[in-house]
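Asker: To start, I am sharing the structure in question, which I have written as C-alpha cells.
All of the numbers you see were taken from the coordinates with simple rules; none came from a lab. All of these numbers come straight from a predicted model, not from anything done at the bench. Every residue, glycine among them, receives a Cβ derived from its backbone with ideal geometry; neighbour counts consider all protein chains shown.
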Amino acid sequence: MKISEKINTGKWSWVSAIVFVFLIAFVAGCANANEDEAALQNIAGAEADRGAEDEALHCCHTEDSAFANFQDFDMVVATVNGIDITAWEVMQEFEIAADMLVMEYINLFPDDTEFHFDRPFRGTTFGRILLEEAANIAAHVKIYYDYAAQNDIVWGDMGFHHPVIETVFAIISNPALFAPFEQYMPEDENASSPYVILTQELRDRALAGEDFSELIQTYGEDPGMEDNPNGYTFVRGDMVTPFEEATLGLEIGEISGPVISNFGVHIIKRVAPDPDNIMHGSSAPPDVSEEDLLGAQHILITASLPTLEDRMFDAVFYAFEAKLEGANIQFLATLDDIPLE
C-alpha cells in the first residue's frame, strides 16, 4: 500500500482491540437473519441439522426470537453508580454477551441437540448469566454515555456509530478533554525498536552527505516513491497526520528524525512542491496556489509500531477501565422478569 493512500485509523494495541471486537460484534448484529444463519451454519460445519453449537449461536444471535414475548423494554433492570440500565440497553448488548458465553455452554452440554436458556449454569441459569453479562456490558457503555453527556460530545461526528469508539476519538481529538487522561499514557518504547534505530542511522547517513534519493532506492519500502522519485506534492488531508505534521515542521531541504505512522517508520525530507505533478487522488482544488502545496520525499521502513494516537487511545481506555473497576453495578430483581425463549 502506498503512503499516499490515506488511512484514518490506527492499529490499536490489545486494549483497543478488545473494544474493536465488541464493535465488530455490534455491527455484525445488523446483518439480516438469512446471512446470520448461513454464517452460523458455516461455523458449526453443519449442512443440515444444526448441532448444539449452531443451535446455541442461532438462538443467541436472534434477539427477535429470544425476546419474542417481552414488551416492557423501558423497564429498569440494573444500575451503575445510580444510573439506570433499561431492558432495551441490555438487549443491545445481548449478542456480544452471547459470543462470550456460548462456547462455555457448549463445553458443559456437548451433546445437546436443542438449546435451552434455562440450563443450570454458574449456580443459576444460562439465561440469567447471559442477561447479567449483557447488563454489565451495557453498564460499561453507560459510563461512556455519561461522560459524553457531561462534555457535550455528539456521536456521529466521527463516523464510527458506536458510543464507546465515538467518545474515545472525541477525547483524543480535543487536547482539553485529553489532558486528564495523559497520566495513563503507556510508555513510548519505540526508541529501542530496531526499525527506529535503522531509520535514525539512515538519517545520520543523509546528514553526513549521502544522497537521499539513493537511500530511498536502497532502503525505502514505499512503492509510490518509484513513481514520484522527486517526492510527493500534496495538500493537507492527503497524507496520514504524522507524515503531514512532520513535513510542516521542516524547512525545504531539512530532514526529519524518525516519524511513526500506521505504515511504519519514516525519514522525511521536505522538498519544493511541483504544481505540475500534484499527487494522483489529491484533494487539492484545481485552483490551488503553490503556497498551499507541500512537497516531501521519504524513506519508509514498514513496521507495526504504536503511534502517538494508539497510545492516547489506550490511555483513555485505561482510565475508563480504572473508573469501571470501582463502579457500583447492581442487578435488580426485574432482570428475572425478562423472558428468553
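Asker: What distance in nm separates the two pseudo spin-label positions at Thr334 and Glu254, each 7 Å out from Cα along the beta-carbon direction?
Answerer: If labels sit at Thr334 and Glu254, their model points lie 6.1 nm apart.
Asker: So if I place +1 on the C-beta of Lys and Arg and -1 on the C-beta of Asp and Glu, and nothing else carries charge, what would the dipole magnitude of the stretch 190-305 be about its Cα centre? I want it in debye, nearest 20.
Answerer: Details: 5 positive and 20 negative charges, 92 e Å.
So the magnitude is around 440 debye.
Asker: Could you list His162, His266, His298, His280 so that the one with the fewest beta carbons within 10 Å of its beta carbon is first and the one with the most is last?
Answerer: Details: His162 18, His266 25, His298 28, His280 11.
Ordered by Cβ neighbours within 10 Å, fewest first: His280, His162, His266, His298.
Asker: Follow-up question, since we're still on this one. Once you list every other residue whose beta carbon is under 14 Å from the beta carbon of Phe320, what net charge do they have if Lys and Arg are +1 and Asp and Glu are -1?
Answerer: Working: positive: Lys142, Lys323; negative: Asp146, Glu166, Asp314, Glu321, Glu325.
Net of charged neighbours comes to -3.
Asker: Return Arg128, Arg236 ranked ascending by Cβ neighbour count within 10 Å, so the fewest neighbours appear first.
Answerer: The fewest-first ordering by Cβ neighbours comes to Arg236, Arg128.
Asker: Give me the tail of P(r) for the stretch 190-305 as a percent: Cα-Cα pairs with distance above 17 Å.
Answerer: On the way: 3479 of 6670 pairs.
Considering the stretch 190-305, 52 percent of its Cα-Cα pairs are separated by more than 17 Å.
Asker: Sticking with this structure for a sec: Applying a 10 Å radius around every beta-carbon, put 135-145, 101-111, 254-264 in order of their mean neighbour count, most first. Numbers along the way, then the final one.
Answerer: Values: 135-145: 22.0, 101-111: 14.7, 254-264: 19.9.
The most tightly packed comes first, giving 135-145, 254-264, 101-111.
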